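Below is one structure; the comments refer to it alone.
All of the numbers you see were taken from the coordinates with simple rules; none came from a lab. Bear in mind the structure is a predicted one, so any value in this text is a computation, not a measurement. Positions of Cβ are backbone-derived with ideal geometry, glycine not excepted, and every protein chain shown enters the neighbour counts.
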Amino acid sequence: MAKTDLAPSRLHFGDLGRTASVGLRTRKTRAALSAVGIMIGIAAMVSVLGLSESSKWDLLAQLDRLGTNLLTVQAGQGIGAGSGQLPEEAAGMVARIGPVEATSTISAVDASVYKSDFIPSGQTSGISVQAVDVNLLETLGGRLADGDFLSEATADYPTAVLGSVAAERLGIRDVDDQPLVWLGDQWFAVIGVLQEFELSPNLDRAALIGVNASETFLDHDAVAGSIYVRTNPQFVDSVMDVLPASANPQNPEEIEVSRPSDALEAREAASDAFTTLFLGLGAVALLVGGVGIANVMVISVLERRAEIGLRRALGATRRHVAVQFLGEALLLAIIGGVGGVLLGVGVTAIYASSQGWAILVPTLAWAGGLTAAILIGAIAGLYPALRASRLSPTEALRTS
């Protein structure tokens with residue numbers, strides 16, 4: 001009789017899905033708890049990457065709107081005569097630099113602001129007074145929340161414009177009722193309230209008055225304390241190099257030049273460090289989830305010895321058993337991975353919307369999360385699957 005070659009036994013994909021899901025369907029609570037570890041890890045990684053991307057989009061939008069071509073000129077801590085202040089002619093000399101498009105000066109005034117003249121002098125609420133040029137708002141790219149900014153007409157009179165924080169502390173939201181503030185021992189009319197200055201937050205806590213008004217009503221010597229310079233974006237570095245010598249030719253080393261937009265970029269760099277930290281925490285949670293899956297699968301092999309023995313006795317090969325338990329571990333990981341991606345996207349959407357950011361979830365976040373979950377599931381399920389496949393039918397049935 002001729003010997004016939006038997007085709008190797010095959011486990012079809014549909015059969016694999018049914019057998020791999022047996023443990024999950026019969027032990028739902030355990031399966032859910034096992035998937036939670038993977039879900040938390042993936043959700044942490046997806047949300048951290050998503051929020052980081054959304055935050056960067058917001059930063060780029062701010063820089064695009066505000067520009068990176070704003071520079072600030074201030075007097076440093078020098079040792080020469082007159083150190084600590086800018087020369088009187090500094091603003092004019094800076095304005096004559098070719099690529100400079102606009103300049104505006106501010107000068108701290110020795111005065112305090114109060115809601116009324118009955119408030120004790122020590123309760124200043126941390127509000128400063130600054131004498132400013134009428135083109136300050138245009139130079140800084142600022143915006144008004146209500147009212148008007150100082151003009152050539154109003155800057156000569158006792159009028160003030162409040163920064164966002166100063167207005168809040170003084171209880172002034174708008175100028176409809178023509179509010180007054182007690183400034184420098186006399187009343188000043190509030191003609192405007194500003195929105196937040198993103199590139200110059202110190203002005204948010206200030207009352208801004210005209211240079212001429214500060215000299216007339218407060219006896220202020222209006223020497224510029226800082227000069228804001230808006231320059232051609234193509235020549236920012238070149239202008240930064242010549243600003244010290246232009247502002248103070250005799251002592252250029254006493255001049256400090258900074259770019260306010262660098263603070264925004266530094267803030268983003270700091271947040272990147274936290275992003276790395278949270279990614280590490282997410283990876284730890286993912287590892288813990290993988291250990292949980294491995295533990296559950298090992299216990300499952302021990303509890304289902306009779307099932308393994310019966311399947312082997314009915315003709316299932318070692319490969320069939322190994323694939324079944326490996327598939328079960330992968331299903332757990334995929335469930336946790338998909339749930340984690342959905343949770344991470346949800347967290348990103350909620351927080352980004354609350355901050356007014358665009359909702360951005362990079363492909364690397366969700367695709368990498370799912371890939372990581374599958375790899376963790378495969379590694380976690382490999383040992384239990386091999387252990388189950390090594391059980392002989394007689395041993396499994398005898399010890400069950």
Task: Neighbour-count ranking [beta-carbon atoms within 10 angstrom, fewest first] of SER164, SER392, SER47 - done: SER392, SER164, SER47
Open item on the list: Residues of the range 199-230 with backbone nitrogen within less than 18 Å of a virtual label 7 Å along the Cα-to-Cβ line of GLU101, please, listed as ranges.
Closed with: 199-200, 228-230
- [ ] Set Lys and Arg Cβ to +1 and Asp and Glu Cβ to -1, take the dipole of the range 69-259 about its Cα centre, and tell me which of LEU70, VAL223, PRO249 lies farthest positive.
- [x] LEU70
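Multiplying the sequence separation of ALA245 and ARG143 by 0.36 nm and subtracting their Cα-Cα distance, what value in nm do you get?
Numbers: separation 102, 0.36 × 102 = 36.72 nm, distance 3.21 nm.
My answer for the length gained is 33.5 nm.
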Open item on the list: Can you tell me the length gained on complete extension of the stretch ASP185 to TYR351, counting 0.36 nm per residue apart and subtracting the Cα distance?
Closed with: 55.2 nm
Open item on the list: Could you give the length gained by full extension between GLU215 and PHE235, i.e. 0.36 nm per residue of separation minus their alpha carbon distance, to one decimal place?
Closed with: 3.7 nm
Task: ARG25 paired with GLU152, simple spin-label distance in nm, labels 7 Å along Cα-to-beta-carbon - done: 8.5
- [ ] For the range 69-259, give the share of DSSP beta bridges that are antiparallel, in percent and rounded to the nearest 5; count only bridges with both residues there.
- [x] 75
